[in-house]
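The values are calculated or read from the model by the stated rules, or taken from the named source; none is laboratory data. Computed from a predicted model, the values in this text were never measured in an experiment. Reconstructed Cβ throughout: ideal geometry from the backbone, glycine too, with neighbour counts over all protein chains shown. Quick note on the areas: whole protein, heavy atoms, side chains included, nothing else; ligands and nucleic acids left out. Shrake-Rupley method; radii C 1.70, N 1.55, O 1.52, S 1.80 Å.
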Amino acid sequence: MINEDIEGLLEQIALDLKSLLQAQLRTDPVMIGIHTGGIWVAAYLHKKLHLADPLGELNIAFYRDDFSHIGIHPRVTPSNLPFDVDNRHIILVDDVLYTGRTIRAALNEIFDYGRPASVTLVVLLERSGRELPIQANIIGKSMTLNADEHVKLTGPEPLALVIKKSE
Amino acid sequence: MTVTNIQLDSNGRLKHFLTTEGLSQQLLLDILNHAESFAGVGKRAVKKVPLLRGKTVVNLFFEPSTRTRTTFELAAKRLSADVLNLNIPYSSTSKGETLSDTLRTLEAMHSDMFVVRHDNSGAAHYIASQVAPHISVINGGDGRHAHPTQAMLDMFTIRRHKGTFSSLVVAIVGDILHSRVARSLIHALTTLGVCEVRVVAPNTLLPAEVEKLGVHVFHDMRRGLADADVVYMLRLQRERMRSALLPSENEYFYRYGLTREKLAVARPDVIVMHPGPINRGIEIESSVADGEHSVILEQVSHGIAVRMAVMAMVMGRFHDNNAEGT
């Protein structure tokens with residue numbers, strides 16, 4: 001477990017996000033959390049920012065690029081975007097940004113729902129090991145980890161970051 | 001090798017889907033749960049997910065079909081697969097090509113999946129035993145034997161309306177003898193733990209020793225439908241009847257046709273199902289088929305989600321490591 005004040009990180013992210021949205025003059029944004037950890041982070045931010053539309057939930061299982069290697073996930077909670085994404089400013093939230101493949105899949109799925117005006121990426125933690133040219137707009141914490149180290153957000157109550165070494 | 005074995009790979013995952021018989025309760029529940037996930041795809045602006053991109057699905061139909069073939073086609077397309085529709089009466093087999101030559105030809109086109117409908121019982125099983133190892137076979141109905149995706153879309157429809165299976169009384173009415181739908185449905189209902197499965201039919205339309213499937217036999221509609229949660233009407237399969245099994249269609253409707261009056265003995269929240277196509281006025285009166293208890297059209301739309309689930313499961317069998325969310 002990383003000894004990290006998650007609450008403090010979330011508060012800082014909320015502040016950064018508010019000022020970014022103000023600077024960009026992006027009013028009335030909608031928020032989408034990526035299943036599962038991203039939804040926990042998004043739920044906190046969604047409340048903090050008092051967003052008018054309900055929180056959207058994205059499950060990118062059907063958009064993964066490793067389906068032919070690992071197959072279908074045993075249980076897939078369907079994505080639920082309870083708003084029209086056309087012409088909306090979207091705040092996309094995930095827990096950990098690593099290779100960038102999840103975000104690639106999430107963007108593809110969002111665009112199957114419509115054409116958003118913009119997408120802003122918010123992550124609790126970004127770690128080394130990117131395989132795609134994807135970066136977050138707002139980052140809670142950055143870490144350099146080896147390829148055999150995996151970081152995971154556990155939760156939802158309490159939220160904690162856990163690092164595991166693969167055997 | 002038994003029919004059950006050939007359906008599973010060495011890790012117990014679905015490789016071919018030929019019959020509901022002998023599959024575990026968990027596997028049937030997996031199909032329903034996956035179908036639940038896919039059901040949302042049809043409501044989006046772009047009704048497609050990229051799971052089977054680059055795969056080729058061949059609909060191999062040796063017997064006419066409208067809703068099964070079109071919903072399989074739509075399911076494959078919504079998974080982004082390429083689809084080839086082969087209606088065999090119009091293809092090379094009518095020029096004398098043997099079935100195995102047809103299969104080899106389709107394999108040479110790098111097909112990944114065959115959806116097979118055939119009027120011979122066991123045809124899908126035979127094809128599954130003949131194809132190259134990377135190809136999956138889904139049974140779209142074989143003779144009187146099985147129609148497993150129909151059974152699963154029926155189970156999906158029942159679960160959507162009733163929530164659970166364990167307390168349900170399900171009455172299947174009509175031509176059980178010729179019905180692959182009934183056979184697959186009975187196996188699915190008993191595996192998923194329905195409280196009571198009844199079959200309601202004249203003796204001439206019941207297979208021998210039908211009780212061994214775990215059903216209660218009724219010959220009288222009013223007794224068979226009493227307190228039923230689900231009434232499942234079967235189509236009278238006149239094309240499969242080789243001898244006079246019925247006195248007349250009028251007589252059949254009088255005794256086994258579903259009318260409002262006969263349905264009144266079932267539970268007030270009963271749902272009425274039918275695999276289609278309907279013979280109006282023979283097994284069901286129009287006011288019931290189109291009435292408030294009928295879920296017949298829902299069955300059709302659920303067929304897409306269920307067939308997507310089965311196709312994704314047989315194509316994606318390599319799920320052994322839990323990939324980290326990246």
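Values for this structure:
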{"read-out": "Surface share of carbon and sulfur [accessible, 1.4 angstrom probe, percent] for chain A", "value": "50"}
{"read-out": "HN-Hα J in Hz across the stretch A:80-87 - Karplus 6.51, -1.76, 1.60, θ = phi - 60°, x for Gly and Pro", "value": "9, 10, x, 7, 7, 7, 4, 6"}
{"read-out": "Set A:K152/B:K55; A:K47/A:K165; A:K165/B:K43; A:K47/B:K43; B:K48/B:K162; B:K162/B:K262 screened for pairs whose C-alpha atoms are more than 31 Å apart", "value": "A:K152/B:K55; A:K47/A:K165; A:K165/B:K43"}
{"read-out": "Simple label model, 7 Å out from Cα along Cβ direction - B:T164 to A:F111, nm", "value": "4.6"}
{"read-out": "Accessible surface ranking that places the most exposed of B:S136, B:S10 first, with a 1.4 angstrom probe", "value": "B:S10, B:S136"}
{"read-out": "J(HN,Hα) series, the stretch B:26-42, from Karplus relation 6.51 cos²θ - 1.76 cosθ + 1.60, nearest Hz, glycine and proline x", "value": "4, 5, 5, 5, 4, 4, 5, 5, 4, 4, 4, 5, 6, 4, x, 4, x"}
{"read-out": "Inter-label distance, nm, simple model (7 Å from Cα along the C-beta direction), B:T70/B:R53", "value": "2.9"}
{"read-out": "HN-Hα J in Hz across the stretch A:127-141 - Karplus 6.51, -1.76, 1.60, θ = phi - 60°, x for Gly and Pro", "value": "10, 6, x, 5, 10, 10, x, 10, 10, 8, 7, 10, 10, x, 7"}
{"read-out": "Net length gained if the chain between B:V265 and B:K43 were fully extended (0.36 nm per residue, minus Cα distance)", "value": "76.3 nm"}
{"read-out": "Segment A:L25-A:K152, length gained on full extension (0.36 nm per residue, minus Cα span)", "value": "42.4 nm"}
{"read-out": "C-alpha long axis of helix B:296-315 to longest principal axis of chain B, angle in °", "value": "30"}
{"read-out": "Angle in degrees between helix B:148-162 and the longest Cα principal axis of chain B, rounded to the nearest 10", "value": "60"}
{"read-out": "Apportionment of accessible area to carbon and sulfur, the stretch B:13-57, percent (1.4 Å)", "value": "50"}
{"read-out": "Trypsin sites (Lys or Arg not before Pro) lying in DSSP loop within the stretch A:117-155, provided at most 11 other Cβ fall within 10 Å", "value": "none"}
{"read-out": "Among beta bridges that DSSP assigns inside the protein assembly as shown, antiparallel share in %, nearest 5", "value": "15"}
{"read-out": "Antiparallel content of DSSP bridges confined to chain B, in %, to 5", "value": "5"}
{"read-out": "Whichever aspartates and glutamates have a C-alpha closer than 16 Å to that of B:K15, once near sequence neighbours (fewer than 8 apart) are set aside", "value": "B:D30, B:D112, B:D320"}
{"read-out": "5 angstrom amide H check on B:V173, placed H, neighbours 5+ away", "value": "B:V200, B:Y232, B:M233, B:L234"}
{"read-out": "Carbon and sulfur %, accessible surface of the stretch B:148-300 computed with the full protein complex present, 1.4 Å", "value": "50"}
{"read-out": "The stretch A:1-147: C-alpha gyration tensor shape, a/c 1.5 cut-off, then a/b vs b/c", "value": "oblate"}
{"read-out": "Solvent-accessible area per residue for the stretch B:148-300 (1.4 angstrom probe, square angstrom)", "value": "41"}
{"read-out": "Residues along the stretch B:17-63 losing 30 Å² or more of accessible surface when the other protein chains are present rather than the chain by itself (probe 1.4 Å)", "value": "B:N33, B:H34, B:S37, B:R44, B:V46, B:P50, B:L51"}
{"read-out": "For chain A, accessible area per residue (1.4 Å probe, heavy atoms of protein chains only), Å²", "value": "49"}
{"read-out": "Whole-Å distance, taken between Cα centres, linking the stretch B:30-59 and the stretch B:200-267", "value": "35"}
{"read-out": "0 to 90° range, to nearest 10: angle between helix B:99-108 axis and chain B longest Cα axis", "value": "50"}
{"read-out": "Low-density loop cleavage sites - GluC sites (Glu not before Pro) in the stretch A:41-144, where at most 12 other Cβ are within 10 Å (DSSP)", "value": "A:E131"}
{"read-out": "Minimum 30 Å² accessible area buried by the other protein chains, the stretch A:74-111 residues, probe 1.4 Å, relative to alone", "value": "A:P74, A:R75, A:P78, A:Y98, A:T102"}
{"read-out": "Heavy-atom accessible surface that B and A bury in contact, both chains counted, 1.4 Å, Å² to 100", "value": "2300"}
{"read-out": "Amide proton proximity set for B:G140, modelled H, under 5 Å, gap of 5+", "value": "B:V116, B:R117"}
